[in-house]
Amino acid sequence: MDKLNRDQMAARVARDIPEGAYVNLGIGLPTLVANHLPKDREIFLHSENGLLGMGPAPAAGEEDYDLINAGKQPVTLLPGGAYFHHADSFAMMRGGHLDICVLGAFQVSATGDLANWHTGGDAIPAVGGAMDLAIGAKKTYVMMEHLTKSGESKIVAHCSYPLTGIACVSRIYTDLAVIDVTADGLRVVEIFNGLPFDELQRLTGVPLLKEST
Amino acid sequence: MISKISPSVEAALEGIPDGATVMIGGFGGAGQPAELIAGLIEQGARGLTIVNNNAGNGETGLAALLKAGRVRKIICSFPRQVDSQVFDGLYRAGKIELELVPQGNLAERIRAAGAGVGGFFTPTGYGTQLAEGKETREIGGRMYVFESPIHADVALIKAEAGDRWGNLVYRKTARNFGPVMATAAKRTVASVHQILELGALDPEHIVTPGIFVHRVVQVPRTATGPAGFKQAA
């Protein structure tokens, strides 16, 4: 089984982000998508701590820790970018103004429920903007490994981890496939590196529909 | 002549009672009013309820206030970070109460308090642990959760520049919660690096109008440091 690596996954997500899109990239794996956006496409990156038109990381020595992203890492602002306060920033997210958000996940259910904020048990919980993003963007994409480290499917019938949002995920990008959440069920859009559909199905916890041909 | 300028941090914070609810601006280190937090530790109020996005980084600022044992409860969205060891220890020892709030609800609940709104319905969190026990309502075919406003006795915020009427401008993403917190407290204290003459701030560019600000105190500029993430070695 020939899985995509993290950069290849990010490049695959980046391919689907069109010119002019307002996009929020979640912390972790989704952050890598920014490195793969084509330079000839104007895409507006939003960061929930209060900026739009986010640019790349600054050169070494140029860091300004008053200019950070949601992961609290130093970033830059593109010409035309803007700063705003938190209530405005979350109005952009909750008010349906973002076209796409890309989030990491522990689990996604067959109906698009998302679990990505808490592993339960006695872990100290932290939620940040995950619940706002999940339900607020026009499209919520999830980007995650297909399987857990112990080989279990992260696409499940029902999430066993605490939910972030209900029926909020529209598309799942894994290291094995791209899968749409549809009213009919989970429809495979693309399988990577020649993995047979039956093998993908065997590895996945819920029934998949074949890509429409 | 009206002047909201306090001669010192100590003067700006006098009289904050035990048990007060204190909003503290900042997202990680950006916008965290370090001098005002140090002043609050010095001032001595205990049993505080703190409203902040996080729960302190490292051992300074908000983390130092927690470590000093002054905080009974924290209302925040993202307490657990790589450098939140002070909060983590208090939480695990049962010495601090946590009200975990989705970040957008935190901002909007503060905004609601400042705008005189008695609460609002939002889809954020519907069907999750964080909405358990809350009133829900179907509006236009979608499910919403009722969220109540968060008022404060005091807001401590960091701005870049201000004038004697309390008008403020901020610096980059250090703005974050400052403008909404300023609206939601009975006493808003802003630290600024520059105090300007009236009229020097372009009225088209003022972010927080002075009506929301009660005291302005000048502090020396120090560079904001990294906080809240794992630095590459």
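Couple of notes before you dig in:
- Calculated from backbone phi, Karplus (6.51, -1.76, 1.60) coupling profile of the stretch A:37-47 in Hz, x at Gly/Pro: 5, x, 5, 8, 10, 8, 10, 9, 8, 10, 10
- Of all aspartates and glutamates in the structure, the ones whose alpha carbon falls short of 17 Å from that of B:LYS73, not counting any fewer than 8 places away in one chain, are B:ASP18, B:ASP88, B:GLU97, B:GLU99, B:ASP153.
- Rounded to the nearest 500, the 222 nm mean residue ellipticity of the protein assembly as shown from helices alone is -5000 deg cm²/dmol, with -39,500 (n - 2.57) taken per DSSP H run of at least 4 residues.
- Amide H to amide H distances under 5 Å link A:GLN107 with A:ALA115, where only residues 5 or more positions off or on other chains count and H is placed in the peptide plane.
- Under 5 Å from the amide H of B:THR21 lie the amide H atoms of B:THR49, B:ASP153, B:VAL154, each residue being 5 or more positions distant or on a separate chain, with H modelled from the backbone and absent for Pro and chain starts.
- Qualifying aspartates and glutamates (Cα of each under 15 Å from Cα of A:LYS72; at least 8 residues distant if same chain): A:GLU48, A:GLU63, A:ASP64, B:ASP83
- The ranking of A:LEU203, B:LEU168 from fewest to most other beta carbons within 10 Å of each one's beta carbon is A:LEU203, B:LEU168.
- Stokes-Einstein diffusion coefficient of chain B, Kirkwood radius over Cα pairs, 10 °C, 1.306 mPa s, in µm²/s: 87
- Other residues within the sphere of radius under 12 Å centred on the Cβ of A:ASN193, judged by their own Cβ, net out at -2 (K and R +1, D and E -1).
- Our note on the geometry: Cα centres of the stretch B:167-188 and the stretch A:46-74, 19 Å apart.
- Beta bridge orientation in the stretch A:6-209: antiparallel %, DSSP, nearest 5: 55
- Relative protection proxy for A:67-75, A:44-52, from highest mean packing down: A:44-52, A:67-75 (other beta-carbon atoms within 10 angstrom).
- Modelled label positions at A:ALA59 and B:LYS73, each set 7 Å beyond Cα in the direction of Cβ, lie 5.1 nm from each other.
- Modelled spin-label separation between A:SER170 and B:LYS186, with each label point placed 7 Å from Cα along the Cα-to-Cβ direction: 4.7 nm.
- Chain A: angle of helix A:6-15 to the longest principal axis, Cα-based, in degrees nearest 10: 80
- Order of B:ILE195, A:ILE27 under a 10 Å beta carbon neighbour criterion, fewest first: B:ILE195, A:ILE27
- Gap separating the Cα centres of the stretch B:1-80 and the stretch A:148-213, nearest whole Å: 46
- Exposure proxy order (Cβ contacts within 10 Å, fewest to most) of A:LEU209, B:LEU48: A:LEU209, B:LEU48
- Sorted largest first, the principal axis extents computed over the alpha-carbon atoms of the protein assembly as shown equal 78, 48, 47 Å.
- Gaussian network model of chain B, springs between alpha carbon atoms under 10 Å - residue of B:GLY166, B:GLY31, B:GLY15 with greatest fluctuation: B:GLY15
- Distance between the pseudo-spin-label points of A:GLU42 and B:GLU97 (7 Å out from Cα toward the beta carbon): 5.1 nm.
- Cubic angstrom per residue, convex hull over Cα atoms of the stretch A:26-125: 152
- Residues of type aspartates and glutamates that A:LYS139 reaches as a straight line, Cα spacing below 13 Å, ignoring anything fewer than 8 places off in the same chain: A:ASP16, A:ASP99, A:ASP180
- Shown is the FRET efficiency for B:ASP202 and B:GLU138, computed with R0 = 41 Å from the Cβ-Cβ distance and rounded to the nearest 0.05: 0.35.
Bear in mind that the values in this text are calculations on the coordinates, not laboratory data. All values derive from a computational prediction rather than experimental measurement. Backbone-built Cβ (ideal geometry, glycine too); neighbour counts: all protein chains shown.
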